[in-house]
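Computed from the coordinates by the stated procedures, all read-outs in this text should not be read as laboratory data. Treat the numbers as computed from the prediction; the structure is a model and nothing was measured. Cβ: placed from backbone, ideal geometry, glycine included. Neighbour counts: every protein chain shown.
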Amino acid sequence: MRVQDKSIIVTGAGGGIGKGIALRLAAEGARVIVNDLHAELGESVVREIVGAGGIASFFAADVTKSEQVQALVAAAVQRHGRLDVMVNNAGWTHRNRPALEVSEEEFDKVYLVNVKSVYLATVHAVPVFRKQGGGCFVNIASTAGVRPRPGLTWYNGSKGAVITTSKSLAAELGPDNIRVNCINPVFNPETGLAAEFAGGPLTDERLAIFRASIPLGRFSSVLDVANAVLYLASDEAAFISGVCIEVDGARCV
């Protein structure tokens, strides 16, 4: 059990990559707080984990609201006595379209969900980590922040911000024994936002365009990402901080 008894929050864990991360961590012994805006989805993930013999509970919180993120962190401490890892997975995108066609409202939501959420997680989790002698953030960014595709300009920028912020935090918080790392997944057609990334329905033609840009010849899977998170959350990565793992089949080479 690679994360036995670790107290771990996974945001946006009601489906897609977040659900896969929660399931994988729980299978390796973690005590997981499943966070999502949608209670029915989050509770379903909890039931799946518990049914498989794992430990999990649900906490509804909007990761763009300070008081709700504060309550989420407090819930982990109350339920488990500590918080070891915070996985900032919740994310959003505007539809694939020219930069000037993205509305101000869409832009604001992308930066609120993708960037402000990391800020709030830092503000509220770092005091807990410092008090207990250390902790770990795993931020789900994207290959979009390393090798951006046209049509996703503002989303690309938000993920670039997550990557740079994570590296800066790793340098700043290292003396407190707090590790900060990123995962950069490539396109995954299984996620709820896939059609938005692609700019429309996932036709064979659209999927072929994305697949052709990945040297290993396939898309990332939920398990691919979850396995990378498991490594960074585990003690195997105790000296790994400030890095981004591209889970991308060599897309960013």
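Near the amide H of N139, under 5 Å away, which other amide H atoms are found, from residues 5 or more places off or on another chain, if H is placed in the peptide plane?
Residues meeting the criterion, in which the H sits 1.01 Å from N, are N88, N181, C182, I183.
Let a ≥ b ≥ c be the square roots of the eigenvalues of the Cα gyration tensor of the range 7-247; is it rounded (a/c under 1.5), or, if not, prolate (a/b larger than b/c) or oblate?
The shape class here is prolate.
Just list whichever of K6/K116; K65/K109; K65/K131 have alpha carbons separated by over 21 Å in the model shown. Don't skip to the end; give the middle numbers.
Values: K6/K116 25 Å; K65/K109 12 Å; K65/K131 23 Å.
In this structure, K6/K116; K65/K131 lie more than 21 Å apart at Cα.
Report, to the nearest 10°, how far helix 222-233 tilts away from the longest principal axis of the Cα atoms in the chain, using its own Cα long axis and a range of 0 to 90°.
40
If I measure Cβ to Cβ between cysteines in the chain, which ones have no partner under 4.7 Å?
Within the chain, the cysteines lacking a partner Cβ under 4.7 Å are C136, C252.
Could you tell me the relative contact order of the chain? Use alpha-carbon pairs under 8 Å, at least six residues apart, and round to a whole percent.
On the way: 529 pairs, mean separation 51.1, N = 253.
In percent, rounded to a whole number, it is 20.
Relative contact order for the range 171-234 using alpha-carbon pairs under 8 Å, separation at least 6, rounded to a whole percent?
Values: 31 pairs, mean separation 23.7, N = 64.
Averaging sequence separation for qualifying contacts and normalising by length gives 37 percent for the range 171-234.
If the reach is capped at under 17 angstrom between alpha carbons, list the aspartates and glutamates near K19, excluding any in the same chain fewer than eight residues apart.
Candidates past the 8-residue exclusion: E28, D36, E40, E43, E48, D62, E190, D224.
Using the alpha-carbon atoms, what tilt in degrees (0 to 90, nearest 10) does helix 153-173 show relative to the longest principal axis of the chain?
With rounding to tens, the tilt is 30 degrees.
With axes computed from alpha carbons, what is the tilt in degrees of helix 16-27 against the longest principal axis of the chain, rounded to the nearest 10 within 0 to 90?
Once rounded, one gets 30 degrees.
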